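All remarks here apply to the structure that follows.
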Amino acid sequence: MDLLVLGSGIAGLSTAIHAARRGWSVAIVTKGDLVHSATWYAQGGVAAALDAPDSTELHESDTLVAGAGLCDVDAVHVLVTEGPRRVRELMELGAQFDMRDGALELAIEGGHSLPRVVHAGGDATGAEIERALGDAATGLGAIAVHERCFSVDLIVAGGRCVGVTAIGADGVTREFRAGHTVLATGGAGQLFSVTTNPAVSTGDGLAMALRAGVAVTDVEFMQFHPTAMDDPRMPRPLLSEALRGDGAVLRDEHGVRFMVDEHERADLAPRDVVARAIARRMVDRGLDHLWLDTTSIPDFPERFPTIFASAQRAGLDPRTDFLPVAPAAHYLSGGVATDLDGASTLPGLWACGEAACSGVHGANRLASNSLLDGLVFAPRIVEAIAAGKDGPEATGVLRGVALDEPAIVAPAPPVGAVTLGELQHAMTVGAGVLRDAASLGAVAEVVAVDVPTPDIAGHELRNLLTVARTLVAAATAREESRGTHTRLDFPATSDSFAGRFVGRGGPLTFVPLPAEVRA
Ligand SMILES: Cc1cc2nc3c(=O)[nH]c(=O)nc-3n(C[C@H](O)[C@H](O)[C@H](O)COP(=O)(O)OP(=O)(O)OC[C@H]3O[C@@H](n4cnc5c(N)ncnc54)[C@H](O)[C@@H]3O)c2cc1C
């Protein structure tokens with residue numbers, strides 16, 4: 001097989017489609033049904049500078065501001081300049097975005113200078129993208145799709161990745177071997193007890209990479225979405241930032257608008273600013289939620305049908321009621337460290353989408369840039385392989401990362417007893433929106449074990465523990481506050497930490513970012 005793709009969200013499906021169109025033999029291994037992914041849940045949309053008065057320069061500067069000094073400027077340039085073409089390609093493939101008066105309807109979200117977010121079905125963008133990509137992938141006979149097939153570990157031979165072991169729908173473990181393997185396994189929101197991520201987001205790809213000694217970076221930067229609905233349902237129903245783009249405002253328990261005192265963009269401040277403002281008030285005042293006032297939004301049921309239905313299921317009417325909100329783990333900005341073509345430090349292994357760290361998000365992802373990240377970097381992998389590239393280069397996030405050392409596999413910790421609920425609780429209390437040395441120390445003790453893997457749930461828990469150890473180690477080492485990483489004991493941003501913590505399953509290495517590539 002030419003290409004093995006792990007995962008079938010926007011990143012995995014885009015990679016597979018581009019490869020199959022070149023006539024390659026391609027297999028997708030995905031642990032749920034084809035469309036079961038975080039992508040399917042995406043509401044707000046895809047950000048791209050499609051037409052004047054917007055420009056790639058403006059999109060670039062908004063992305064860099066949100067990234068709080070840790071974006072890789074080359075990666076961001078690739079994202080914003082190649083983004084518009086990839087969005088148009090997605091439309092040619094059949095994705096139907098919302099139109100008004102014959103033109104794409106654009107929404108504004110936090111951190112964006114002007115409306116540039118295309119959306120579908122009002123607030124059902126991800127479902128429409130998965131439908132379109134899923135139809136295209138299954139329509140191409142060249143892609144073999146293995147659903148309910150769980151990738152366990154990378155197979156490494158002769159210093160390169162040659163495939164994976166996976167447990168099939170029949171419960172049998174088998175090997176998939178390929179010339180190139182792409183990790184597109186998504187994020188790790190299930191690390192936390194309150195998350196917007198679906199059950200499949202258990203950091204499997206990152207854990208597989210860490211167990212194989214592949215470089216992973218920036219995982220301390222877990223983005224917490226400020227406005228998940230405070231509701232017993234998990235994943236937490238998301239109240240998209242596009243609501244605030246359309247006029248919704250945050251209010252405290254007395255009905256006071258507090259974001260106007262926090263940031264010049266008020267309710268449309270970058271996500272980390274809003275999440276911190278809410279979390280601080282919740283902690284200081286002993287509250288479990290604040291409020292989102294959506295009552296000024298015209299045509300709510302038509303513009304946001306998914307959110308309207310979700311609020312109604314909670315007995316609320318967004319046209320008249322304030323909606324209870326609290327931050328929830330939402331997006332992992334870090335991941336498998338890749339160069340500008342998606343190559344990881346292990347030849348034969350590539351990564352894209354949320355599982356990867358291409359450098360475009362820095363310390364804080366700009367809203368609606370993650371679907372774009374998958375759309376842009378997936379085809380770059382295929383184009384690089386087609387051009388004969390076979391290993392990583394010192395570009396993007398891999399600049400400054402040792403590339404010529406053989407991967408050394410770190411010893412596994414002792415097997416212990418920790419449940420998923422205990423892990424999620426410890427992470428939420430110790431490594432959540434607000435952290436300090438003591439809280440991180442406490443969670444480090446909880447995650448210092450491996451667990452038995454008698455079934456897929458056991459594998460997922462072991463993977464979450466593996467990712468948690470690197471996340472907690474990096475969050476402990478980063479003695480500053482920056483982007484989505486808020487240390488109560490180190491509230492200021494420090495130039496000493498203008499760089500990345502890179503882990504390969506063992507101790508972390510700090511790689512300073514040269515001034516010319518950060519912003
Ligand atoms: C509620 C919600 C709303 C969002 N809204 C937006 C938005 O409006 N705009 C935006 O840009 N971003 C949004 N995001 C973020 C965005 O949806 C994700 O970052 C993006 O979809 C990730 O795509 P992906 O292909 O990398 O991963 P995913 O879509 O998560 O796909 C991962 C795939 O890997 C598979 N997989 C995982 N582990 C294994 C394994 N061990 N073996 C086999 N298969 C495996 C999964 O089954 C899945 O198919 C939102 C996220 C959520 C949760």
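In the stretch 352-387, of all residues being open to solvent by 10 Å² or more (accessible area, probe 1.4 Å) and of a type in the set (D, E, K, R), the one that is nearest to the ligand (Cβ to nearest atom) corresponds to Glu354. The requirement of being more than 10 Å from the ligand (Cβ to nearest atom), surrounded by 24 or more Cβ atoms within 10 Å (Cβ to Cβ) and in a strand (DSSP E or B) is fulfilled somewhere in the stretch 17-33, by at least one residue. Filtering the stretch 373-392 to residues that are among the basic types (Lys, Arg) and more than 15 Å from Val360 (Cβ to Cβ) leaves only Lys389. Once the stretch 120-139 is narrowed to residues that are away from the ligand (no atom under 11 Å from the Cβ) and not in a helix (DSSP H, G or I), the residue that is nearest to Ala107 (Cα to Cα) is Gly122. Only residues that are open to solvent by 30 Å² or more (accessible area, probe 1.4 Å) and either under 22 Å from Thr428 (Cα atoms) or touching a strand residue (DSSP E or B) at 6+ places or on another chain (Cβ under 8 Å) (or both) were counted in the stretch 256-272, giving 1. Taking the stated definitions as given, is Gly69 within 15 Å of the ligand (Cβ to nearest atom) and touching a residue at least 40 places away in the same chain (Cβ under 8 Å)? So Gly69 fails the test. Within the stretch 503-516, residues that are crowded, with 22+ Cβ neighbours inside 10 Å have Cβ atoms under 9 Å from residues that are hydroxyl-bearing (Ser, Thr, Tyr) in these pairs: Gly503/Thr217; Gly503/Thr470; Gly503/Thr509; Arg504/Thr345; Gly505/Thr466; Gly505/Thr470, counting only partners at least 6 apart in sequence or on another chain.
Before we move on, is Glu105 surrounded by fewer than 19 Cβ atoms within 10 Å (Cβ to Cβ) and either polar (S, T, N, Q) or more than 22 Å from the chain's Cα centre (by Cα) (or both)? It is true that Glu105 is surrounded by fewer than 19 Cβ atoms within 10 Å (Cβ to Cβ) and either polar (S, T, N, Q) or more than 22 Å from the chain's Cα centre (by Cα) (or both). Residue count for the stretch 1-16 under the criterion of being outside any helix (DSSP H, G or I), touching a strand residue (DSSP E or B) at 6+ places or on another chain (Cβ under 8 Å) and within 6 Å of the ligand (Cβ to nearest atom): the result is 3. Look at (1) on the phi < 0 side of the Ramachandran plot; (2) surrounded by fewer than 22 Cβ atoms within 10 Å (Cβ to Cβ) and you find that Gly247 fails only one, number (1). Considering the stretch 177-203, the residues that are outside any strand (DSSP E or B) and over 23 Å from Leu465 (Cα atoms) include one that is nearest to the ligand (Cβ to nearest atom), namely Ala178. Restricting Arg174, Arg148 to those that are within 17 Å of Asp455 (Cα to Cα), open to solvent by 20 Å² or more (accessible area, probe 1.4 Å), part of a loop (DSSP other than H, G, I, E, B) and not acidic (Asp, Glu) reduces the list to Arg148. When Asp288 is tested against (1) modelled with pLDDT of 95 or more; (2) under 21 Å from Leu488 (Cα atoms), just one condition goes unmet, and that condition is (1). Checked against (1) open to solvent by less than 40 Å² (accessible area, probe 1.4 Å); (2) more than 9 Å from the ligand (Cβ to nearest atom); (3) modelled with pLDDT of 95 or more; (4) out of contact with any Ser or Thr (no Cβ under 8 Å at 6 or more places or on another chain), Phe224 meets all criteria but (4).
Of all residues in the stretch 289-300, none are within 15 Å of the ligand (Cβ to nearest atom), within 28 Å of the chain's Cα centre (by Cα) and either surrounded by 22 or more Cβ atoms within 10 Å (Cβ to Cβ) or among the hydrophobic types (A, V, I, L, M, F, W, C) (or both). Among residues of the stretch 296-314 that are free of Cβ contacts under 8 Å to residues at least 12 places away in the same chain, those with a Cβ under 7 angstrom from a residue that is open to solvent by 30 Å² or more (accessible area, probe 1.4 Å) and assigned to a helix (DSSP H, G or I), sequence gap 6+ or separate chain, pair up as Phe308/Pro301. Contact annotation: residue pairs with Cβ atoms under 6 Å, 6 or more positions apart or on different chains, pairing a residue in the stretch 26-55 that is more than 11 Å from Glu147 (Cα to Cα) with a partner that is more than 6 Å from the ligand (Cβ to nearest atom) and basic (Lys, Arg), are Ala47/Arg116; Ala49/Arg116; Asp54/Arg116.
Just one of (1) more than 16 Å from the ligand (Cβ to nearest atom); (2) part of a helix (DSSP H, G or I); (3) within 19 Å of Asp135 (Cα to Cα); (4) open to solvent by 20 Å² or more (accessible area, probe 1.4 Å) fails for Trp40. It is (1).
Residue-wise test of (1) over 26 Å from Thr227 (Cα atoms); (2) within 23 Å of the chain's Cα centre (by Cα); (3) of a type in the set (Gly, Ala, Ser).
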residue: Asp2; (1), (2), (3): yes, no, no
residue: Ala11; (1), (2), (3): no, yes, yes
residue: Ser37; (1), (2), (3): no, yes, yes
residue: Tyr41; (1), (2), (3): no, yes, no
residue: Gly44; (1), (2), (3): no, yes, yes
residue: Ala48; (1), (2), (3): no, yes, yes
residue: Asp51; (1), (2), (3): yes, no, no
residue: Glu57; (1), (2), (3): yes, no, no
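A single member of Phe308, Phe322 is more than 28 Å from Ala188 (Cβ to Cβ), of a type in the set (Phe, Trp, Tyr), at pLDDT 95 or above and open to solvent by 30 Å² or more (accessible area, probe 1.4 Å), and it is Phe322.
The values are calculated or read from the model by the stated rules, or taken from the named source; none is laboratory data. No experiment lies behind these values; they were computed from the predicted model shown. All Cβ positions, glycine included, derive from the backbone under ideal geometry; neighbour counts span all protein chains shown. Just the protein is used for accessible areas: all its heavy atoms, side chains included, with ligands, DNA and RNA removed. Shrake-Rupley method; radii C 1.70, N 1.55, O 1.52, S 1.80 Å.
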